[in-house]
Amino acid sequence: GLQRCLGRFRTKHPSTAPRNNRTILPWICWSLGTARNTLIFENRQITQEEVATKGMRLAREWCLAQKPKGQGENLSPGNRKQKARPIADTQTPICRSDAAWDKASNKAGLAWIISGADNNIKKQGSTHQEHVSSPLVAEALALRLGIIAAANLDLPKIRMLSDNQTLIRAINNDIQIKEIFGIVKDIHQISTVFVDIS
């Protein structure tokens, strides 16, 4: 089923699809999860092709980020100079977080997933939260849940990924945003339990 779908997608979009199925699968699952959250919390349906396209694009971006000269936006809480460090080695577990926000009800769906070097899922979770004032707050809450889960796994190193550039800049101390100031402070505090975090 999935292998056949991936093969057909590669035929139609050869420049988009990564070659390694083990790299693709976690991102397809991630794309399916975010599509589900969008349907539940925003009542907006995403087509199968959009899910596949997003999953392939994310997998391709992740593959490019593994190269020494690849460009990626890593989260480096605290010292701004940390952004000049080399990209984390391939043995470092990765935590991805995402959120969906419903403006009408001020509810948010929060999700995170931690995968190891071989792309196997170490832990994942999702929840919903009420009284969330904006999409940025939702993204910050999701990332905080992810870093808490990573800390509970007693991992010495972790690489945190988010697609929200404003949140990344706030965590890297490039900007201060009042509505997420407390959450970012929590993230900085929790990050101190790791030997290395990016």
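Annotations for the structure displayed:
- Selection within segment 46-55 - of a type outside the set (D, E, K, R) and either within 21 Å of residue 112 (Cα to Cα) or in contact (Cβ under 8 Å) with a residue 60 or more places away in the chain (or both): 46, 51, 52, 53, 55
- Contacts under 7 angstrom Cβ, first residue in segment 162-182 being on the phi > 0 side of the Ramachandran plot, partner open to solvent by 90 Å² or more (accessible area, probe 1.4 Å), 6 or more apart: 173/80
- Residues in segment 113-171 that are touching a helix residue (DSSP H, G or I) at 6+ places or on another chain (Cβ under 9 Å), of a type in the set (D, E, K, R) and assigned to a helix (DSSP H, G or I): 139, 144.
Residue-by-condition table, conditions (1) at positive phi; (2) open to solvent by less than 70 Å² (accessible area, probe 1.4 Å); (3) touching a Gly at 6+ places or on another chain (Cβ under 8 Å):
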residue: 119; (1), (2), (3): yes, yes, no
residue: 122; (1), (2), (3): no, no, yes
residue: 130; (1), (2), (3): no, no, no
residue: 145; (1), (2), (3): no, yes, yes
residue: 153; (1), (2), (3): no, yes, no
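- Of all residues in segment 34-45, those satisfying the criterion of being of a type outside the set (A, V, I, L, M, F, W, C), part of a helix (DSSP H, G or I) and either open to solvent by 90 Å² or more (accessible area, probe 1.4 Å) or within 23 Å of residue 119 (Cα to Cα) (or both) are 34, 36, 37.
- Output for segment 153-185, where each listed residue is more than 23 Å from residue 102 (Cβ to Cβ) and more than 18 Å from the chain's Cα centre (by Cα): 154, 156, 173, 174, 175, 176, 181, 185
The values are calculated or read from the model by the stated rules, or taken from the named source; none is laboratory data. Everything quoted here is computed from the prediction, not taken from an experiment. Positions of Cβ are backbone-derived with ideal geometry, glycine not excepted, and every protein chain shown enters the neighbour counts. Just so you know, the surface numbers come from the protein's heavy atoms only, side chains and all, with ligands and any DNA or RNA stripped out. Shrake-Rupley method; radii C 1.70, N 1.55, O 1.52, S 1.80 Å.
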